[in-house]
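Single-structure report; data block below.
The values are calculated or read from the model by the stated rules, or taken from the named source; none is laboratory data. None of these values were measured; they are calculated from a predicted model. We place every Cβ from the backbone using ideal geometry, glycine too, and count neighbours over all the protein chains shown. To get the accessible areas, we keep the full protein, side chains included, count just its heavy atoms, and leave off ligands, DNA and RNA. Shrake-Rupley method; radii C 1.70, N 1.55, O 1.52, S 1.80 Å.
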Amino acid sequence: MAGALDGVRVVDLTRVVAGPLCAQMLGDLGAEVAKVERRGDGDDLRALGPPFVPGSEDSTYFVSLNRNKRSVSVDFAKPEGAAILKRMVARADVLIENFRTGTLARYGLGWDDLKAINPRLIYCSVTGFGQDGPYAGRSGYDFVAQAMAGLMEVTGEADGTPGGGPQRVGVPVADMFTGFAACVSILAALRHRDATGEGQCIDVNLFETMTSLMQAPMSAWLNAGRLVPRSGNDSPVAVPYGVFEGSDGRFVIGVLNDREFVRLAEALGHPEWADDPRFRRARDRVEHRAALLDRMRTLLRTRPRAEWLARLEAAKITSGPMNTAADVAADPHIAARGMIVEVPHHAGGTVRVAASPLHLSATPPTYRHGIPAPGGDTDAVLAEFAGMDAAEIAAARAAGIV
C-alpha cells in the first residue's frame, strides 16, 4: 500500500533518541529518510550498550529507533560538506536537527540560511530547552527534563517509606514524547505547506514537552496551590488503583468509580465491602485507603494471579499482569496485532523490533528499509537527495567530505 507520506524527503541530522524516533515515525509512514551520520562511528546511540546486536557494533537500543532510514556520511563542519548538505536540503521537504541552539547556524545551516535555499522547507529543531529563553544554551537530556519538569517529584515511593524518594521513569519518556511532539508538528507544517506553499521553523524541546504533560500535578498547583505527593504505585485520587500480589505473581487493578468497585467487591467474594460506609464512595476509599488495601492484599495473596485475573476480567474490572519484556514479546494480543516486526540489519540477518503503534486503514506504516550501516547508503542518498553524479561523489570521498 502507498504510505501517507510517500514522496516526502526528510534530511535527518539527529542523534540518540528524540529526533531519531521522530524520523523513524515519518519513515514508517512512507517518507524517505536520509540519516546524516558522523563519518566513522555514526550516531552516538550505536555505541550505547550493552547489549549489542550479535555480530555488529550496534546497540540494541539503536536498532529500536532507526529502521526505515538510509545512512549517509557528510562532514558538514567543512564548507564542502555544508555545500553538499545544502544541495540535499534544496530537494528536501523536511530537515530535523537536535544540535545545541545556534550550532548549525555557525556552518551556514541554520533556519535563516536554509529557508533562503528552499522556502518550502520545514525545519524542525529538537533541543533541551528551546531556541530562546534563559536556558536556551544549555544541553538537555531526558533525565534532566524529567527532574526539572517535576516528573521525578511525583514518581516513586513517598518519603519515609522503604525505597522512598524521587525516581525517574524507567524509559526516556521526555525524549519519546518530544519525538512524538516533533512528528505531530511536522505533519501539521506539511498540511500548512500544502495549503499555502510556505515552509516554517519548528521549535520543540524536552523541558516544555514534559511540562505540558505534567497536567494533573501542574493544575493542582496552579489552581489549588497544592503539590501532588509521591504515592508509589497507588493513585493519590483513586482506591484501589495499584499493584497487588497473588500467590505467584504481581498484577494491577484500577478502579476509578463506585460502580466498578461494586463489581470488584463481588468478584473478590466480599460484596459487603461495597456497603461499608468507609468504602462506599470514591472519596471514602481514599480517606480509608489503608483499611481497604490491607483487606485486599491479605485476600489476594491466597490464590494464583491467573485465577484472580480471570475473575476480574469476567467482572469487567480494569486489571492486568505485571509483565517483563519477555512476557510482552510472547503476549498473544501483541502477536495478533503484529506489534513485533523483523527487519534486515546491515551486518547480516535480521533484528526484531517493536512496530509502529499507528494503525491506518488506507495508509498503514510499512517497513521498507532495515537498520543501515553508518554511511552505508551514501552514494545512493547523495544521488537521490543532492543530485550528485558518480564523479562528484568520488571526488567528495577522496577529499574526506563523505
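Rundown of residues vs (1) modelled with pLDDT of 95 or more; (2) over 22 Å from I393 (Cα atoms); (3) hydrophobic (A, V, I, L, M, F, W, C), yes/no style:
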residue: L13; (1), (2), (3): yes, no, yes
residue: V33; (1), (2), (3): yes, no, yes
residue: V36; (1), (2), (3): yes, no, yes
residue: A47; (1), (2), (3): yes, yes, yes
residue: G55; (1), (2), (3): no, yes, no
residue: S59; (1), (2), (3): yes, yes, no
residue: R87; (1), (2), (3): yes, no, no
residue: I117; (1), (2), (3): yes, no, yes
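Residue check: is R15 farther than 26 Å from L206 by Cα, in contact (Cβ under 8 Å) with a residue 40 or more places away in the chain and open to solvent by 50 Å² or more (accessible area, probe 1.4 Å)?
When the stated conditions are applied, R15 does not pass them.
What are the pairs, 6+ residues apart or on separate chains, where a residue within the range 134-162 that is among the β-branched types (V, I, T) has its Cβ under 6 Å from a residue that is open to solvent by less than 60 Å² (accessible area, probe 1.4 Å)?
Close Cβ pairs satisfying both conditions: V154/P217; V154/V228; V154/R230.
For the range 52-101, how many residues meet the condition of being over 21 Å from D41 (Cβ atoms) and in a loop (DSSP other than H, G, I, E, B)?
Residues that pass the stated criteria total 5.
If I go through the range 349-399 residue by residue, how many of them are more than 27 Å from the chain's Cα centre (by Cα), surrounded by fewer than 13 Cβ atoms within 10 Å (Cβ to Cβ) and not hydrophobic (A, V, I, L, M, F, W, C)?
Number of matching residues: 2.
Suppose we filter the range 151-199 for residues that are open to solvent by 20 Å² or more (accessible area, probe 1.4 Å) and either of a type in the set (K, R) or over 30 Å from V94 (Cα atoms) (or both); how many remain?
Qualifying residue count, the range 151-199: 19.
Six or more apart or on different chains, Cβ atoms under 7 Å: show the pairs whose first residue is in the range 388-401 and under 15 Å from A82 (Cα atoms) and whose second is open to solvent by less than 80 Å² (accessible area, probe 1.4 Å) and in a helix (DSSP H, G or I).
M388/L382; I393/D379; I393/L382; A396/I84; I401/G81; I401/I84
For a quick check of your reading of the model, give me the residue pairs whose first member lies in the range 296-312 and is within 13 Å of D248 (Cα to Cα), whose second is aliphatic (A, V, I, L, M) and in a helix (DSSP H, G or I), with beta-carbon atoms closer than 8 Å and at least 6 apart or on different chains.
Close Cβ pairs satisfying both conditions: W308/L300.
Within the range 213-226, can you find the residues that are without any contact (Cβ under 8 Å) to a residue 24 or more places away in the chain and either part of a helix (DSSP H, G or I) or open to solvent by 70 Å² or more (accessible area, probe 1.4 Å) (or both)?
Of everything in the range 213-226, those that are without any contact (Cβ under 8 Å) to a residue 24 or more places away in the chain and either part of a helix (DSSP H, G or I) or open to solvent by 70 Å² or more (accessible area, probe 1.4 Å) (or both) turn out to be Q215, A216, S219, A220, W221, L222, N223, A224, R226.
With respect to the numbered conditions (1) open to solvent by less than 70 Å² (accessible area, probe 1.4 Å); (2) within 15 Å of E208 (Cα to Cα); (3) in contact with a Lys or Arg (Cβ under 7 Å, 6 or more places away or on another chain), which one is the sole condition not fulfilled by F143?
(1)
For the range 235-249, give me the residue count where each residue is more than 21 Å from R303 (Cβ to Cβ) and open to solvent by less than 40 Å² (accessible area, probe 1.4 Å).
Counting residues in the range 235-249 that are more than 21 Å from R303 (Cβ to Cβ) and open to solvent by less than 40 Å² (accessible area, probe 1.4 Å) gives 3.
For the range 279-294, name all the residues that are of a type in the set (K, R) and under 23 Å from E245 (Cβ atoms).
If the condition is that a residue be of a type in the set (K, R) and under 23 Å from E245 (Cβ atoms), then R285, R289 are the ones that fit.
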